[in-house]
Amino acid sequence: LLPALLKHHGYQTAISGKLHFLPPEQEYSFDCFWSFSNEGPGKLQSWPQYMDAKHGKGSARRLVPGSQPFPDDPLGKDLGELPYPKEDSQTFWITDRAIDFFSQRDRQKPFFLFVSYLDPHSPSQLCEPYWSMYDAGSMPSPRIPESVKKQRAEAVRNDARGGGRHLIDSEAMARALTAAYYAKVTMVDDNVGRLLQQVESMGLSDDTIIVFTADHGNMLGDHGRWFKGVMYEGSSRIPLMIRAPRRSPFAAVFNRGKVVDEMVENIDVMPTLMEMIGKPLPSDRGFQGTSLVNLAAGKQTSWKTAIFAERGSMMIRTA
């Protein structure tokens with residue numbers, strides 16, 4: 001694991017947010033673990049615990065009455081307004097704990113901070129001002145195949161546990177869910193901005209590598225699908241942005257606004273970071289990723305012609 005390797009090299013490690021590893025109660029080489037749910041060793045307060053203490057038991061997912069436009073649909077019922085202020089939302093709380101780490105960290109050590117937002121993942125529940133930020137009627141409407149409408153009706157009818165949640169047959173529902181998705185993306189963007197401002201205000205920009213990426217996308221109605229689970233473009237294509245420290249030799253490589261069109265994978269992030277901090281990867285562990293440094297610098301003479309992914313469904317994509 002990346003935090004284990006970094007701890008070996010003297011780094012202090014922290015996570016604020018979602019990890020999604022099993023078993024969930026492990027610390028996975030993080031010195032500080034602020035959880036979005038019940039993950040981690042439980043030494044620090046989690047977001048549900050914070051919400052229970054401030055707003056009452058079960059308040060984290062309590063909705064404003066009457067705010068669900070599709071309350072009886074297995075997918076549509078995800079939509080709803082949260083009654084608490086944005087500062088108590090999960091995304092703002094995760095950011096606040098990350099900012100706390102900056103003031104609490106051991107300044108004698110380099111640090112690795114993993115800020116992991118669940119948003120814009122489902123459920124599509126938001127507090128103001130994000131709940132009403134985007135007009136559903138002005139959202140793009142996907143073309144839903146007629147065959148999907150029959151498939152979804154069958155799935156809902158035959159699966160009382162929530163069948164049809166990965167299919168969508170209503171353009172109105174797709175627009176409403178897309179508006180909530182856009183709002184969640186905006187909320188993440190706002191909070192990434194808060195983090196970058198904190199890094200800047202503490203004078204850490206000269207020494208800090210920043211990576212922004214994700215684990216999957218969302219179909220947003222393409223092919224009549226919602227969420228992930230299929231390896232179409234909307235689900236499998238994700239952002240990956242890297243900013244090098246200002247006084248690092250890698251700044252000339254990563255900080256020039258260059259877009260790299262070659263296919264890359266999440267497994268390439270670890271070897272990239274290890275090269276940037278000047279530490280070798282263990283040669284006997286079978287790492288499959290490739291550092292992106294030479295590729296970003298335009299010095300890579302050859303590159304992979306296929307990438308893979310697997311999570312229930314599987315994909316091999318060629319260039």
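The values are calculated or read from the model by the stated rules, or taken from the named source; none is laboratory data. Computed from a prediction, not measured in an experiment: that's the story for all the values here. Methodologically, a virtual Cβ is constructed for each residue, glycine included, from the backbone with ideal geometry; neighbour enumeration extends over all protein chains shown. SASA here: full protein model, heavy atoms, side chains in, ligands and nucleic acids out. Shrake-Rupley method; radii C 1.70, N 1.55, O 1.52, S 1.80 Å.
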**Request:** For n ≥ 4 DSSP H runs only, could you compute -39500 (n - 2.57) per run for the chain, divide by its residues and tell me the 222 nm figure to the nearest 500?
**Result:** -9000 deg cm²/dmol
**Prompt:** In Å, what Rg and Dmax follow from the Cα atoms of segment 58-207?
**Reply:** 19.2, 62
**Prompt:** Quick one: of the DSSP bridges fully inside the chain, what percent are antiparallel, nearest 5?
**Reply:** 50 percent
**Asked** What Kirkwood radius, in Å to one decimal, follows from the Cα pairs of segment 137-182?
**Response** 11.3 Å
**Request:** On the protein heavy atoms, probe 1.4 angstrom, tell me the percent of accessible surface of the chain carried by carbon and sulfur.
**Result:** 51 percent
**Request:** Pairs of Cα atoms under 8 Å, at least six residues apart: use those to get the relative contact order of segment 50-90, whole percent.
**Result:** 31 percent
**Request:** Express the accessible area of segment 125-239 per residue in Å², computed with a 1.4 Å probe while the remaining protein chains stay in the model.
**Result:** 52 Å²
**Message:** Students sometimes get this wrong: rank LYS299, LYS149, LYS18 by accessible area, probe 1.4 Å, all chains present, largest first.
**Reply:** LYS299, LYS149, LYS18
**Asked** Using the Kirkwood radius built from alpha carbon pairs, what does the Stokes-Einstein equation give as D for the chain at 25 °C and 0.890 mPa s, in µm² per second?
**Response** 113 µm²/s
**Request:** Report the percentage of all Cα-Cα pairs in segment 1-136 whose separation exceeds 19 Å, rounded to a whole percent.
**Result:** 56 percent
**Asked** In percent, how large is the relative contact order of segment 110-197, given Cα pairs closer than 8 Å and 6 or more residues apart?
**Response** 43 percent
**Asked** Under DSSP H, which helices of the chain have Cα atoms covering 24 Å or more of the helix axis and a Kyte-Doolittle average no less than -0.5?
**Response** 171-201
**Asked** What lysines could a cross-link reach from LYS184, if we take a straight Cα to Cα line under 28 Å and drop same-chain neighbours fewer than 8 places away?
**Response** LYS18, LYS54, LYS57, LYS77, LYS86, LYS149, LYS228, LYS258
**Message:** For Cα pairs less than 8 Å apart in space and 6+ apart in sequence, what is the mean separation divided by the residue count of the chain, i.e. the relative contact order in percent?
**Reply:** 12 percent
**Message:** Please compute one quarter of the surface area of the Cα convex hull for segment 169-319 and express it in square nanometres.
**Reply:** 11.1 nm²
**Message:** Could you check the spin-label model distance between ILE316 and LYS109? Points 7 Å from the Cα along Cα→Cβ, value in nm.
**Reply:** 4.3 nm
**Request:** Starting with the highest mean, order 310-318, 265-273, 38-46, 250-258 by the number of other Cβ atoms within 10 Å, averaged over the residues of each peptide.
**Result:** 265-273, 38-46, 250-258, 310-318
**Asked** Tell me, in nm to one decimal, what length is gained between MET241 and SER205 on full extension, where the rule is 0.36 nm per residue of separation less the Cα-Cα distance?
**Response** 11.4 nm
